[in-house]
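Q: Let me begin by handing over the structure; questions about it come next.
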Amino acid sequence: MTRALLALIRRDFRLAVRAGGGVGLPLVFFLSVVAVTPFAIGPDMKLLARVGTAILWIGALLSTLIGLDRLFGADAEDGSLDLLFAAPAPLPLVVLAKAAAHWTVTGLPLAAAAPLLGLMLNLPPEALGAVALTLLLGTPALTLLGMIGAALTVGLRRGGLLLPVLVLPMAVPVLIFGVSATNALVAGEGGSAPLMLLLAASLGSLVLAPVAAAAALKGAQS
Amino acid sequence: MQLTADDLTVERGGRRVLEGVGVKLGPGEAMVVTGPNGAGKSTLLRALAGLLPLAQGRISVEGGDGERTAAEHMHFLGHLDGVKGALTARENIAFWADFLGGDSTATETALEAVGLGHAADLPAGTLSAGQKRRLSLARLAVARRDIWLLDEPATALDTDGLDRLASLVEIHRAAGGLVVAATHADLGWAMTKRMVLGRAV
């Protein structure tokens, strides 16, 4: 079972980094969102510093939506999806493996790039580390919740357009806890309640999202 | 290994595509399903593979490893090849060997068996339709599973490809495997059961 899941993670990772896999796309989108914000807000450095963490979180949230439709869409198009059902492993674990590979190439780079982009928003040094940490803890929840949407829309034409509309409302709690946890960390409250709730959101979706996505994929087979 | 399906009834889009179909196959037996377009051949195979909800009826696999589900005893070969164009032919097959619980050292033999030994390191996206079909046939050889469900396996294959398919099936049946194939073409397999599905509605 472990062998099958590791093989799937390895394949999806390899497909993502190969030409046409679109590995850098969410990152470039993240950069674009953060880069255009100062143009809209204006050259008020104090204001930028105050809203900076929120903008980074919104940017990361929107960026995780990029490429989410390919999570199952690519496998559905070439027929591999049918074969995923025949794995010697339970379907929730199979989809969890796919989510893990997807997060490694989308969520993880976002968290890693956040401090660099924070500089563009005039964030203080302590906030740079804080936002990277909260994104590292929060992006798994975003990917996993997004996976439910991806599974629900896999059989639909233009499902990729419906997907953000489905996923964004589910991601609102993660956004709230993410931003308030970052602000709490900057204010020097280490293990604050929002940080715990953010972690709970990630762990909760780690357990529930694979089951929900597997059920959605099963339901789409008709 | 025994595959039994009784009274299979499948609805798709509010229409009964299959009604009361029964299948019974023992070790080494093969069945060829024919019928006009829309008669439900693909639906039957997908239903047997457990990919479609049954409105009625049951499917059972007996004599296999009790720890494994019915789907884990089956190889499903659909209309689509399940080939990733960005990976090489060898990487594609090595993945399926690992994922479906096969022998990852057998990739070379499997590729040779379908006549793709020379193209092992080419990206699968550059292969022709027939070569991609051969690549998906190699998947059957690389992971041993007792029941093969083949939907139009002959699509895009040349005569050499058909011969290789026939010999893969022969080896599989000699080892006690079961085959259900839906097809329009004459596959030229020896001693097969036949099933003709009814008129399209």
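The numbers here are math on the coordinates, done by the rules we state, and not lab data. The structure presented is a predicted model; accordingly, all values stated were derived computationally and were not measured. Here the Cβ is made from the backbone with ideal geometry for all residues, glycine too, and neighbour counts use every protein chain on show.
Q: Contact order normalised by length for the stretch A:1-76, with contacts defined as Cα pairs under 8 Å and 6 or more residues apart; what percent is it?
A: Details: 24 pairs, mean separation 26.3, N = 76.
Contact order relative to length: 35 percent.
Q: Arrange the following residues from fewest to most other Cβ atoms within 10 Å of their Cβ: B:167, B:42.
A: Values: B:167 11, B:42 18.
Fewest-to-most Cβ neighbours within 10 Å comes out as B:167, B:42.
Q: What pairs in A:98/B:84; A:218/B:132; B:41/B:84 have C-alpha atoms more than 19 Å from each other? Provide the component values of the computation, followed by the final result.
A: Values: A:98/B:84 15 Å; A:218/B:132 27 Å; B:41/B:84 26 Å.
Pairs exceeding the cut-off: A:218/B:132; B:41/B:84.
Q: Ignore the peptide's own chain and count Cβ atoms of other chains within 10 Å of each Cβ in A:80-92; give me the average, rounded. Can you show the working numbers first?
A: Values: counts 9, 4, 9, 14, 2, 8, 16, 5, 9, 3, 1, 1, 0.
Average neighbour count from other chains, rounded to a whole number: 6.
Q: For the stretch A:2-220, what log10 I(q)/I(0) values come out of the Debye formula at q = 0.12, 0.17 1/Å, with one point per alpha carbon and no solvent?
A: Values, matching the q order: -0.62, -1.14.
Q: Here is a further query. What list of ³J(HN,Hα) couplings, whole Hz, do you get for the stretch A:95-104 from phi and the Karplus terms 6.51, -1.76, 1.60, once you set θ to phi - 60° and write x for glycine and proline?
A: With coefficients 6.51, -1.76 and 1.60, one gets 5, 5, 4, 5, 5, 4, 5, 5, 5, 4 Hz.
Q: Only counting other Cβ atoms within 10 Å, I'd like B:173, A:158 sorted with the fewest neighbours first.
A: Working: B:173 20, A:158 9.
Going from sparsest to densest Cβ surroundings: A:158, B:173.
Q: Amide H of residue B:18: which non-local residues (sequence gap of 5 or more, or other chain) have their own amide H closer than 5 Å, using H built in the peptide plane?
A: So residue B:18 has HN proximity to B:10.
Q: If you rank A:98, A:218, A:46 by fewest surrounding Cβ atoms within 10 Å, what's the result?
A: Numbers: A:98 24, A:218 15, A:46 8.
Arranged by neighbour count, lowest to highest, A:98, A:218, A:46 become A:46, A:218, A:98.
Q: Label points 7 Å out from Cα along the Cβ direction at residue A:211 and residue B:105: separation in nm?
A: Placing both labels 7 Å beyond Cα along the Cβ direction yields 4.1 nm.
Q: Could you work out Rg/(2.2 N^0.38 Å) for the protein assembly as shown, with Rg from alpha carbons only?
A: Compactness ratio reported: 1.14.
Q: Can you list the residues, at least 5 places off or on another chain, whose amide H is less than 5 Å from the amide H of residue B:75, using H built in the peptide plane?
A: Residues meeting the amide H criterion: B:147, B:148, B:149.
Q: Give me the dipole magnitude in Debye, nearest 20, for the protein assembly as shown about the Cα centre, with unit charges on the beta carbon: positive for Lys and Arg, negative for Asp and Glu.
A: I would put it at about 620 debye.
Q: Based on the mean of other Cβ atoms within 10 Å per residue, sort peptides A:201-209, A:50-58 so the most packed one is first. Numbers along the way, then the final one.
A: Values: A:201-209: 17.7, A:50-58: 22.0.
Highest-to-lowest ranking by the protection proxy: A:50-58, A:201-209.
Q: Now, a different point. Can you give the angle from 0 to 90° between the axis of helix A:107-120 and the longest principal axis of chain A, with both taken from C-alpha atoms, to the nearest 10?
A: Roughly 20 degrees between the two axes.
Q: Can you tell me the relative contact order of chain A? Whole percent, Cα pairs under 8 Å, sequence separation 6 or more.
A: On the way: 281 pairs, mean separation 56.8, N = 222.
Contact order relative to length: 26 percent.
Q: From a point 7 Å beyond the Cα of residue B:167 in the direction of its Cβ, which residues of the stretch B:99-129 have a backbone N at a distance under 15 Å?
A: Under 15 Å, as judged by backbone N against the label point of residue B:167, lie B:109-118 of the stretch B:99-129.
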